[in-house]
1. Using Cβ counts within 10 Å as a stand-in for footprinting exposure, how do B:319, B:121 rank, fewest first?
2. Once you've got the GNM for chain B with C-alpha springs shorter than 10 Å, pick whichever of B:239, B:320, B:74 has the biggest mean-square fluctuation.
3. Indicate the gyration tensor shape class of region B:1-131 (rounded, prolate or oblate), computed on the Cα atoms with a ≥ b ≥ c the square roots of the eigenvalues: a/c under 1.5 is rounded; otherwise a/b larger than b/c is prolate and the rest oblate.
4. With equal scatterers on the alpha carbons only and no solvent term, can you work out the Debye log10 of I(q)/I(0) for the protein assembly as shown at 0.10, 0.13 1/Å?
5. For chain B, with a Gaussian network of springs between Cα atoms less than 10 Å apart, report the residue from B:183, B:358, B:25 with the top mean-square fluctuation.
6. If you count the DSSP beta bridges with both ends in chain B, what percent of them are antiparallel, to the nearest 5?
7. Rounded, prolate or oblate: which fits chain B when a ≥ b ≥ c are the square roots of the eigenvalues of the alpha-carbon gyration tensor, with rounded for a/c under 1.5 and prolate only if a/b beats b/c?
8. Most mobile of A:31, A:54, A:12 per a Gaussian network model of chain A (Cα springs, under 10 Å)?
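What follows draws every value from the coordinates through simple rules; no lab data is involved. This structure is a prediction, so every number in the text was calculated from the model and none was measured. All Cβ positions, glycine included, derive from the backbone under ideal geometry; neighbour counts span all protein chains shown.
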Amino acid sequence: MNGLDELYRDVILDHFKSPRGKGILHDATIIAEGKNPLCGDELTLYVTLDGERIVQLRWDGHGCALCMASASMLAESMTQQPLDTVQHMAQAVLDMMHGAALPTHLRMGDIEVMEGVKKFPVRIKCVLLPWTTLQEGMKHHDAHTAQHVSFSY
Amino acid sequence: MPFDIRAIRRDFPILQTTVRGKPLVYLDNAATSQTPQCVIDALTHYYAQSNANIHRGLHYLAEQATLAYEETRKRVATFIGARSSREVIFTRNATEALNLVAQSYGRATLQPGDEILLTEMEHHSNLIPWQLIAKERGAVLRFIPVVATGALDLSRIDTLIGPRTKIVAFTMLSNVMGTITPVRELIQRAHAVGAVAVIDAAQGAAHRPLSVAEFDCDFLAFSAHKMCGPTGVGILYGKAEHLEQMPPFLGGGEMIHTVELTHSTWAEIPHKFEAGTPNIADVIAFRVALDYLATIGMDKIWAHEEQLTRYAAQRLAAMKKVTIYGPGLEDLRDAVIAFNVKGIHPHDVSQALDFEGVAIRAGHHCCQPLMRRLGVAATNRASIAFYNTFEEIDLFISALERTQQFFGVAS
Ligand SMILES: Cc1ncc(COP(=O)(O)O)c(C=O)c1O
């Protein structure tokens, strides 16, 4: 459709139609729920940590194609990452959606294709929800007990 | 006058434009309607030839502007069948009109334990003002439930309405599902227990002929921008006997009779409720919108929209992955259709349609409690006006079919 494939690039549609890392982790160290009450995007991230590294990350939820694809990209790029890299990557995505270039030293994965969404300001939040949810979840990772965080975006 | 859709469409410059290279198909009329050239001309004419503040100057322009402003008041009174133009108050929008009733009538009359009866399908504009005043006065909010077909469930109305009920406020027409509510019946039930009836006609006034005298409602609110008028003008109709008793809503210039340093007396109605310089230009242009609608005829508008809505609902219902919310195909529905496409979020649907020049709305439509009742976070909403055509519905449906293909949802 005319122009539509510029917003919903093939990579995005592919993540939307075959989401990576979708599911639940029963032994998660961090469970973080994020919600955008305005449009109804909702997702939960399940993260297991091993010291200062993400061992596994799964997500579950429902929402628009951009939000779901973004969560899938996040899951794909985060597994086995050290926590400080995770923080940098999440921040880099936030910055990218507000105009900054992605840092070249981070292996960001497919998320870079989301840059085009900047041209559609109301949809920026859709892309960011998984990443801000992860950031919120990580804030509480110091505690040694399992954490359940939920927030509205 | 026959209903000539081609001629009507020529009256609206925006309907001749293209969006992203496609002819505009505007199906977001419940959010705001488009503006005919005659209304646009009235606005430019006002600023070019008769701009002045009203009710203040003794000069020619002030006199002309005042006359024209008061002319709209009379025109509104005729349009809604009010006995007198003293019962017509100009506000910024329907929302402000409803707040006026809650803040003035509500604050002056509600006692702790009194009840306000609303419905589960209210727009936030006819919910939040009552939440605010109920909290302040210790009043209790009660709600007429909505059933799956989008109708109000009146089976337990006797347990919801009683001697403690002081205000019954409800929409004429759901801005989500197109449900038409039993206005007369609810007004009679309100009056039977001594309560006042407040009608949210923000959608209703744009689509159906109405008469406040026939309804016998106590208050009725609507917005000019949903009926071919400019933005920034709302109307509150109130029975004079209430308005005369009610305290002012906002204070300032225009609404006073005499002012001392420590106290004042108020102007007569309706001026008591119009503090400060009002939206003169837009009020004056609104008369032209009402004349325009009256020339076409609200009955003809309603008849055309009814057919179009029925056709759109049938076309949508024929799509396997589409769920329509609210009234069934055989039930009465007015101008508004909420729907979802299985597997595609409403934001993606409306974004995809936008690329085809089709404007619909996606979201909660300022009705979060109703969304919860329907068990969804958001829906798509196509809403129709009298200037829409069957061809536009076809364009909308084929764009929707292409959207399904694009997102890999089999039709
Ligand atoms: C049923 C209903 N009530 C109230 C309103 C509020 O109208 P306005 O925003 O013009 O005050 C709307 C508009 O969306 C509506 O559809």
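1. Fewest-to-most Cβ neighbours within 10 Å comes out as B:319, B:121.
2. Taking springs between Cα atoms under 10 Å, the residue moving most is B:320.
3. Details: a/c = 2.32, a/b = 1.24, b/c = 1.87.
Because a/c hits 1.5 or more and a/b fails to exceed b/c, region B:1-131 counts as oblate.
4. -0.94, -1.26
5. Of B:183, B:358, B:25, the Gaussian network model singles out B:183 as fluctuating most.
6. If I count the DSSP bridges inside chain B, around 60 percent turn out antiparallel.
7. Cα axes put chain B in the oblate bin.
8. Fluctuation is largest for A:54.
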